[in-house]
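Okay, so here's the structure we're looking at.
Nothing in this text is a laboratory measurement; each read-out follows from the coordinates by a stated rule. Being a predicted model, the structure only gives us computed values, none of them experimental. So basically every Cβ, Gly included, is an ideal-geometry build from the backbone, and we count neighbours across all protein chains shown.
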Ligand SMILES: [Zn+2]
């Protein structure tokens, strides 16, 4: 099961997700399966999305695989 160690930096969850993706202009890409996990390159969908983070001006997606979550936490440090 998931551990509750979510960081609050640039991460956005559920409710606001669609609205935020829309504002960022990437909702269509996301819905059409064109967004990939920054770390493992799996295609991101609503089911496996763990979080988003900002890299330069790009929004990166992270899937919910334990490996990728670990990498994300390392990256955010
Ligand atoms: Zn991944």
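Numbers for the structure displayed
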| item | result |
| --- | --- |
| Counting DSSP beta bridges with both ends in region 14-76, the antiparallel % (nearest 5) | 90 |
| Neighbour-count ranking [beta-carbon atoms within 10 angstrom, fewest first] of 27, 52, 21, 73 | 73, 27, 21, 52 |
| FRET efficiency estimate (nearest 0.05) - Cβ-Cβ, residue 58 to residue 27, R0 22 angstrom | 0.90 |
| Alpha carbon convex hull of region 14-76, volume per residue in cubic angstrom | 80 |
